[in-house]
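K.L.:
My questions will all concern the structure given below.
Where a number appears in this text, it was derived from the coordinates with a stated rule and is not lab data. Quick caveat, the model's predicted, so the values are computed rather than measured. Backbone-built Cβ (ideal geometry, glycine too); neighbour counts: all protein chains shown.
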Amino acid sequence: MSFTSFTPLLWLLLLLSAGYGYWRSLVDRPTGLKITSFALRVLGVIFLALALCQPYAGEETDEAHVVFLLDVSQSVDLESAKDALKQVEAGVKALRPQDTHSLFAVANGLREKKLPEFVKMLDDWTKGVADDAFRSHTRLGDSLLASRLAFPAGKAKRLIVFSDGIDTESGVDSSLEQLRHEGVDVRFAPLKTLSDPEAALVSLESASPFAFHGEVLRLTARVIANQPMNARVRLLSKGVAVQEKTVALKPGEDAKVWFDTEMTTPGPSVWSAEIIPELDHFPINNQATTTITVRGKPRILVIHQDEKKMRPFIRSLKEQDFDVDLRGKRGLPEGMEDMLAFDAIVLANMSATDMTPRQMSLLRSYVSDFGGGLFMTGSENSFGLGGYYKSPVEEVLPLVSRFEKEKEKPSLAMALVIDKSGSMSGLPLQMARQAAKSAAELLGPQDQIAVVAFDGDAQIICEMTPASQQGTIQAAIDSIAEGGGTFMYTGMVAAKDMLERTTAKVKHMICLTDGQTQEADHLGLVQQLVDSGVTVSTVGLGEGAARELLAQIAEAGKGRYYESNDPATLPQIFTKETTQASKSAVQEGVFTHLGITEHPMLAGYEAEGLPVVLGYVMTEAKPAAQVLLGAENGDPLLAVGRFGLGIGLAYTGDLTEVWGGEWLAWDGCGRFWAQVLRGALRKADVEGMDSRGEIRDGAWIMKIDRRGDDGAPVSGIHWNAQSLDENGNTQDVAIRETGLGRYEARVPVGTRKHLSLRMHDRDHDKLEVKHYHAPYPAEYRLNGKTPDSLASLAKYDTATLTAGLSPAKQLQPVGHWFAWSALGMLLGGILLRRI
């Protein structure tokens, strides 16, 4: 017997007062009757309290509940699943009236279905209506445990599993043991695996995760098929097939295809294999990828808008045993793994406006989190001239674009004409305000700035104001709020009036809009501006901007036209325009190098012996930067600084014929710059640090063995680790010590396709980067096996669906018997008092 609650027993405390009343009672009755009457009433109260506790008594029953689990994953033949449904239907009809059942579809989880719904679902899939997300896994172990929730209390439990037994997650054995412990009887009905012709590339494995430059390494591709067929297997590097072989596949047998290939690309080298079978059902399982770290020549990436101008410098580096990849302005990688193929990246002539915000953030992370080197040289598209002011790239560099403008430089009057129509609300207008403020910050004290905002009409936000009054200017810019239509002409007229009233030597206008402006004589107005000495540049934001008109205005206004679909690029565009319009960011002439700070990068060289430079971009050094070389007037030429785990390096001169002709003519050019660059290269010192990864329970588990120079385990290390996915999202990762010199990191994988894990031993300054490529779901591997614990279960038989089950106990309420007993005892007590 069991009770729902024991709280009502507190009422029995009232019997104490009843006992006191009995003791003090003056009733003149025979003692026997008096005691018996009192005892009956006490028992009546006790039985009444027990009735309030809601007691239940168990009794055996042969009622049963049957749960049917039907595997519908991609590895199961759908016709076999349909036959299984017929067996389920027959089993349901064989159930007794008092029995109940539940039906679930099993794949990437559990879905409860009524029989007609299940039939329709399989018919739809047979006709080609896909549900690949649900069918891409067989989480059989998890589904077995989840199905327990379908069993009602008080009934015998039987679970029927229809499956091919191929589980893509571990846990079937432990789940069956748990069900057995809870009294659930499990039966197994095997299903046929996929009958359509299918081939799968199981894996691509390397003989070693590391190789030296020029080493021939063996890569082995494992291929499997469910029917005899031939297949071509190709090895790819950077998307290009470098080798191809043909293999004859036999059902159920792994075919190993090996490729011996020379490792010629230093750094993390991504290799892929793909199969092209004669017959195939799933294309998703036809490719596998691995990453091999190649150590050898330093590999650097050089970006220049006009590649041929950098070729003499590149030749001199290659003579110093550098592997140099020279690319145009569109050659900057879009992903971290591609960036990590280089030990340093050189931005020789690339504007910030040619980068996406994501590329800038990746460059910052490449240096700070992964120890890469970033080197910027001077050009018309570098530092402030390139729009790098306050950008993530400038954070990395030891120099800033803002500088003290020389008094003899011509004064500048700038007017910003900014679209504030309704379509600019939110992020576009927010970034436009930020762009305007950044432009104002770059102006010198003798310069002036005005801001005009327009929608259907013009609004003067800031009159022509000296740039020294930054507080007034910034507050005015912050007041810009979105409005209605788009009529840029009125804004340009207002800006023209203010520019014509100034006495500045240089006058410039920047117009920004994201829409189609009303018709007006824009080109006639621009001609008037040009005649009065004003240049005009334009910015078209988004697909809806009046591109043709804006380009014509910029061309007629002797300015530049910018086109962007991302509001986040506006600050780079405005700062680039401001710096170029001020005509003060460049010093041209003959400048000798002066030594400022001793540094290993310059070991063996004297500044006086270095070639002269014919021009440089003016910048300022950051407080923590080391200026190695400077011009005669103190302006920085060569500076270096640590940023996170990496190095930022900047040379404000040029290494092409434009300003660096003397460098290129010097015999020591290659040796000098090779020495400087080697000081900024990414250094991954992993000696004594052995790491290996595995996928377990939906996470990338990285196990690390750490040993010192003497081979002894190293404990108590302070780690700094971070993961980066294919979208540039970073996440801090904890590394915990699991044993003497043994550590473990856990990175949840989720839906991410590629991951890079940076592990930094801060105590010993050792850094290692590992890469993970998500394989296709295990459902498509075709090499799974039915667990013995599942195959050994009793088989399903409709005739004995509920036979052999142990009786279950059903709890029946018996509180009413206690209540009737209490009533009888209380009445008996009263009756005895009246006799």
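K.L.:
What's the extension gain from T503 to E588 if we count 0.36 nm per residue and subtract their Cα-Cα distance?
P.N.:
Values: separation 85, 0.36 × 85 = 30.60 nm, distance 2.61 nm.
Here the answer is 28.0 nm.
K.L.:
Can you tally the net charge around R187? Count Lys and Arg as +1, Asp and Glu as -1, for every other residue whose Cβ sits under 13 Å from the Cβ of R187.
P.N.:
Neighbour charge sum, excluding R187 itself: +2.
K.L.:
Next up: In degrees from 0 to 90, rounded to the nearest 10, what is the angle of the helix 78-94 Cα long axis to the longest principal axis of the chain?
P.N.:
Computed tilt is about 20 degrees.
K.L.:
OK, next. Do the alpha carbons of any pairs in K309/K770; K238/K576; K113/K157 sit beyond 31 Å of each other, and which pairs? Before the final figure, lay out the partial values.
P.N.:
Numbers: K309/K770 36 Å; K238/K576 34 Å; K113/K157 19 Å.
The answer is K309/K770; K238/K576.
K.L.:
At 0.36 nm per residue, and after removing the present C-alpha to C-alpha distance, how many nm does the segment from K127 to S174 gain when stretched out fully?
P.N.:
Contour length minus the Cα-Cα distance gives 13.2 nm.
K.L.:
Now, a different point. Using a 10 Å cut-off around each Cβ, can you sort R299, R762, R433 from fewest to most neighbouring Cβ atoms?
P.N.:
R762, R299, R433
K.L.:
Based on other C-beta atoms within 10 Å, arrange V590, V233 from fewest to most.
P.N.:
V590, V233
K.L.:
Measure out, as a whole number of angstrom, how far apart the alpha-carbon centroids of the range 698-754 and the range 77-123 sit.
P.N.:
So the two Cα centres are separated by 45 Å.
K.L.:
L317: net charge of surrounding residues, Cβ under 13 Å, Lys/Arg +1, Asp/Glu -1, itself excluded? Display every interim value, and only then the final one.
P.N.:
On the way: positive: K297, R299, R311, R315, K318, R671, R678; negative: E319, D321, D323, D325, D343.
It works out to a net charge of +2.
K.L.:
Rounded, prolate or oblate: which fits the range 412-579, taking a ≥ b ≥ c as square roots of the Cα gyration tensor eigenvalues, rounded meaning a/c under 1.5, else prolate when a/b beats b/c?
P.N.:
Working: a/c = 1.44, a/b = 1.10, b/c = 1.31.
Rounded.
K.L.:
Sorted by packing (mean other beta-carbon atoms within 10 Å per residue), highest first, where do 245-254, 136-145 land? Display every interim value, and only then the final one.
P.N.:
Values: 245-254: 13.0, 136-145: 22.2.
Taking the mean over residues of other Cβ atoms within 10 Å, the ranking is 136-145, 245-254.
K.L.:
Based on Cβ point charges of +1 for Lys and Arg and -1 for Asp and Glu, what charge dipole magnitude is obtained for the chain about its Cα centre, in debye rounded to the nearest 20?
P.N.:
Values: 86 positive and 106 negative charges, 680 e Å.
In debye, rounded to 20, the chain gives about 3260.
K.L.:
What list of ³J(HN,Hα) values in whole Hz, one per residue of the range 615-625 in order, does the Karplus curve 6.51 cos²θ - 1.76 cosθ + 1.60 (θ = phi - 60°) give from phi, with Gly and Pro shown as x?
P.N.:
Taking θ as phi minus 60°, the curve returns x, 7, 8, 6, 9, 10, 7, 6, x, 8, 7 Hz for the range 615-625.
K.L.:
Once you list every other residue whose beta carbon is under 11 Å from the beta carbon of T517, what net charge do they have if Lys and Arg are +1 and Asp and Glu are -1? Please list the in-between numbers first.
P.N.:
On the way: positive: none; negative: D419, D455, D514, E519.
Charge balance in the 11 Å sphere: -4.
K.L.:
Using Cβ counts within 10 Å as a stand-in for footprinting exposure, how do C511, C669 rank, fewest first? Before the final figure, lay out the partial values.
P.N.:
On the way: C511 29, C669 23.
Taking fewest neighbouring Cβ atoms as first place, the list is C669, C511.
K.L.:
Quick one: which residues, 5+ away or cross-chain, put their amide H under 5 Å from the amide H of Q320? H built at 1.01 Å from N.
P.N.:
none
K.L.:
While we're here: What ³J(HN,Hα) values, in whole Hz, does the Karplus curve 6.51 cos²θ - 1.76 cosθ + 1.60 give for the range 467-475 when θ = phi - 60°, with x put for Gly and Pro?
P.N.:
Ordered by residue, 3J(HN,Hα) equals 5, 5, 8, 4, x, 5, 5, 5, 5 Hz.
K.L.:
Can you tell me which of 562-570, 344-352, 739-747, 546-554 comes out highest on packing, and rank the rest after it, using the mean Cβ neighbours within 10 Å? Mind showing how you got there, number by number?
P.N.:
Values: 562-570: 19.7, 344-352: 26.0, 739-747: 16.4, 546-554: 18.0.
Output ranking for 562-570, 344-352, 739-747, 546-554: 344-352, 562-570, 546-554, 739-747.
K.L.:
For helix 570-582, report the angle its Cα long axis makes with the longest principal axis of the Cα atoms of the chain; keep it between 0 and 90° and round to the nearest 10°.
P.N.:
On a 0 to 90 degree scale, this one is about 10.
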